[in-house]
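Step one of this worksheet: look at the structure below.
What follows draws every value from the coordinates through simple rules; no lab data is involved. This is a predicted model, so every value here is computed, not measured. Cβ: placed from backbone, ideal geometry, glycine included. Neighbour counts: every protein chain shown.
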Amino acid sequence: MIDLYLAGDYAVATRAIDASLQQEREPDVSAALARIRQDLGASRADSDERRQSVRRLQGAVLVPLESLLPVSVRVADDPRFPPLEQALRQGIDAVAAVERSTEPALGAFRAWAQVGLMQFLLNTGRVAEAEQVGQGMRLPRQLPDLQAEHDLLRGVVRERTARIVTGGASGGQTFVVPEAVGAQGAIGSGSAAGGVTGRVDRAVLARRYWASAARWYERVLDARPSHPEARLRLARTWLDRGEADRALTMLAPLVTPPCASSVCALAVLFTGEAYERRGEVGRAAESYRAASADARTRQSAVLALLGLSLPDDAEQGLVLARTLAGSSAPTDDLPDAWSVYVGGRRDDVEAVLGPLRRGLRP
């Protein structure tokens, strides 16, 4: 499977490992990694054999990630996850060992792989574990894109934890909230050991987490001012903290209809909520209607419109309710963007897989 992947047959390699797991044949990763490291030890530093062995070692990391990241965006639990995660962790450990001994240039690849592991853990709701990986990372210097992705995920950890602490999604929003996002765990004083006991304690703690998330997103934007997801998430933290005016200012550059990305679609949806919080119902409805035209945010936008309409216009509310009931649910390839967002997941798997593929030894 590794050789298939390195030959460029990404889909074929992924299907092969999926078929193997469905037949309950877990890949013998330990033996494969041992052979690769043995080949590395027997090769000269500048030889073609060594180059090929390093490539195969990198492939042992990329193959499980190619399955884990896209699938975990759509579902929080899958029987394939445990063996693939074990394979990924073993591959990262092997890369780190070779990096320390003879191949320091593998540092960037190892760090990107750890960012991929962080993203998978966030996708499956394992927030505390994602934070542990982030805290333990050694980031090579002068790699701003890698630093930005690391910092973004550290912010997502805190934003996700704020939602866990408060028991769900934010404030008074009426968007679709996923029924389950996998095992959950807060970090720091919000962990089970920290003992969050009262409603006031939860509110105070959530505000601290949102403030901490905002600082991480600001770090990303300081280094990468055009980073769209960091801008979106910073705006969302301000919205969750009751700062609708600041959120609107931050969201405005992201609203570029027709939307080509879920970031733009969510920016339109969040703009509607910001106007709603300011009491500008007409402008809120306008933004929600625009968001309802995008399949990625349609369900959440229609629900938001329903929340606006029911108090004063029962007839319009019934029309919207029928619209929602008659609409098709998001497909597996296009899940509701707010459900993905509120669960701490990210649909941009290429943000991690792209740099890892480009980092393969030629």
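Using θ = phi - 60° in the Karplus curve 6.51 cos²θ - 1.76 cosθ + 1.60, the 3J(HN,Hα) couplings for segment 119-135 round to 5, 4, 5, 5, 4, 9, x, 8, 5, 4, 5, 4, 5, 4, 4, x, 5 Hz; x is entered for Gly and Pro.
A full extension of the chain between ARG357 and THR256 corresponds to an added length of 33.4 nm, given 0.36 nm per residue minus the alpha carbon distance.
Packing-based ranking of 284-290, 302-308 yields 302-308, 284-290, ordered from highest to lowest mean Cβ neighbour count within 10 Å. Please work out whether segment 207-266 counts as rounded, prolate or oblate from its C-alpha gyration tensor, where a ≥ b ≥ c are the square roots of the eigenvalues and a/c under 1.5 means rounded, while otherwise a/b larger than b/c means prolate and anything else oblate? Oblate, since a/c reaches 1.5 and b/c is not below a/b. With K and R counted +1 and D and E -1, the other residues having a Cβ less than 9 Å from that of ALA162 yield a net charge of +3. The length gained on full extension between ASP93 and ARG207, counted as 0.36 nm times the residue separation minus their Cα-Cα distance, comes to 37.4 nm. Couplings for segment 83-97, taken from phi via the Karplus curve 6.51 cos²θ - 1.76 cosθ + 1.60 with θ = phi - 60°, read x, 5, 5, 4, 4, 4, 4, 5, x, 4, 4, 5, 4, 4, 5 Hz in order; Gly and Pro are left as x. Modelled label positions at THR249 and ASP348, each set 7 Å beyond Cα in the direction of Cβ, lie 2.3 nm from each other.
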